[in-house]
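Heads up: the structure comes next, in structure tokens.
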Amino acid sequence: EVGHNARGVPDGTYVSRVSASGSAAGEAYVAFDNHRRGDFRPYAYHTTDFGRTWTSISAGLPDDGSVRTVSAFPGHANVVFLGTEHALWVSADHGAHWNTLGSNLPTTLYMDVQVQPSTGDVVVATHGRSLWILDDGSAIAEWSPAVAAESAHLFSIRPATIFQYWEDYSYRGQNFYAGDNPPDGAIIDYAVGRNAADVKITVTNPRGDVVRTLDGPGGAGVVHRVVWDLRHTPPPSTPDTNSYNLLALPRPPRSLAPAGPFVSPGTYTVALTANGVTVKRTVLVKPDPKMPVTLAQYREREAFLV
């Protein structure tokens with residue numbers, strides 16, 4: 001039925017993907033791949049009436065890139081991923097307009113895209129270049145022309161959890177895994193409408209006290225990411241000048257640089273200042289789930305260490 005209702009698709013073309021929307025009843029996307037017959041044109045369609053009618057969403061895509069996968073961002077029906085023979089594309093308006101997803105993605109075949117429901121991580125499968133994971137893809141889901149036009153925009157920040165490690169070095173166990181774990185702390189994504197000479201990110205606790213100030217890049221036209229490690233400002237220190245053979249040592253899974261004490265669990269305010277504008281978001285800091293420590297004890301420890 002899809003082939004008959006999707007006008008412009010050659011009869012008998014292989015259906016490479018059908019993806020139902022998780023946000024709206026009756027909405028779905030379909031992709032066709034006809035490269036086996038020498039036709040490398042992109043074919044992708046969108047329906048909002050349970051497949052009775054289909055609208056082409058291939059406008060603006062290169063003519064030499066067969067579509068292998070198409071899927072909507074869970075909870076954001078307007079945001080759509082599309083993987084072709086050469087690039088990964090994303091749309092913020094149901095496929096009416098497309099942009100390539102940049103970052104460090106290579107030119108290769110993109111076979112599948114999945115968004116992890118509980119964390120919002122975007123997992124991309126390629127052919128020949130393994131997996132690529134973007135920790136917390138909220139910035140992709142929330143991006144829009146209105147956001148791009150703002151002088152400064154701070155994207156929503158997912159809750160962050162304190163992880164209290166028993167040891168800060170590794171026994172090389174992490175070498176068996178292909179992907180890196182997400183960074184410890186709060187992932188802060190932001191964008192600026194024009195180049196900013198000075199970008200400041202300030203974190204304040206529920207009492208209004210500043211616990212950390214971070215600097216960030218100020219280039220326009222991209223989404224920047226800064227990670228707050230859920231700690232206060234590191235204490236003064238001198239560089240370690242010992243000449244260790246770093247290649248012979250176990251590779252630390254986390255930085256061993258001087259670090260400040262952890263903050264206590266609670267809701268913190270993150271303020272982004274750029275181009276003379278300040279915007280704010282909140283982030284929930286959760287306690288280490290494996291530590292039998294009360295909130296009062298967290299606060300007592302924090303006060304003592306500060």
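At-a-glance table
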{"item": "Cα-based Rg and Dmax for the stretch 180-233, where Dmax is the largest Cα-Cα distance (Å)", "result": "12.5, 35"}
{"item": "Listed residues L154, L88, L131, most fluctuating in the chain (Gaussian network, C-alpha, under 10 Å)", "result": "L131"}
{"item": "FRET efficiency estimate (nearest 0.05) - Cβ-Cβ, A146 to A20, R0 30 angstrom", "result": "0.60"}
{"item": "Shape parameters for the stretch 1-111, alpha-carbon atoms, Rg then Dmax in Å", "result": "13.0, 39"}
{"item": "Computed magnitude of the charge dipole of the chain (debye, nearest 20; Cβ of K, R +1, Cβ of D, E -1)", "result": "320 debye"}
{"item": "Relative contact order of the chain, pairs being alpha-carbon contacts under 8 Å that are 6 or more residues apart, as %", "result": "11 percent"}
{"item": "Listed residue (V123, L284, H94) projecting farthest to the positive dipole end of the chain, Cβ model", "result": "L284"}
{"item": "Selected from W98, W166, W89 as most flexible by GNM, with the chain as the system and alpha-carbon contacts under 10 Å", "result": "W166"}
{"item": "Of the chymotrypsin sites (Phe, Trp or Tyr not before Pro) in the stretch 174-233, those whose Cβ has at most 16 other Cβ within 10 Å and which sit in DSSP loop", "result": "Y177"}
{"item": "Listed residues N275, N181, N104, most fluctuating in the chain (Gaussian network, C-alpha, under 10 Å)", "result": "N104"}
{"item": "Value of [θ]222 nm, deg cm²/dmol, for the chain, DSSP H segments ≥ 4, -39500 (n - 2.57) each, nearest 500", "result": "-2000 deg cm²/dmol"}
{"item": "Whole-number Å³ per residue for the convex hull built on Cα positions in the chain", "result": "179 Å³"}
{"item": "Electrostatic dipole magnitude of the stretch 27-113 [Cβ: Lys, Arg +1; Asp, Glu -1; Cα centre; debye, to 20]", "result": "120 debye"}
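FYI, it's all coordinate maths here, none of it is from the lab. Predicted model only: the values in this text are computed from it and were never measured. We place every Cβ from the backbone using ideal geometry, glycine too, and count neighbours over all the protein chains shown.
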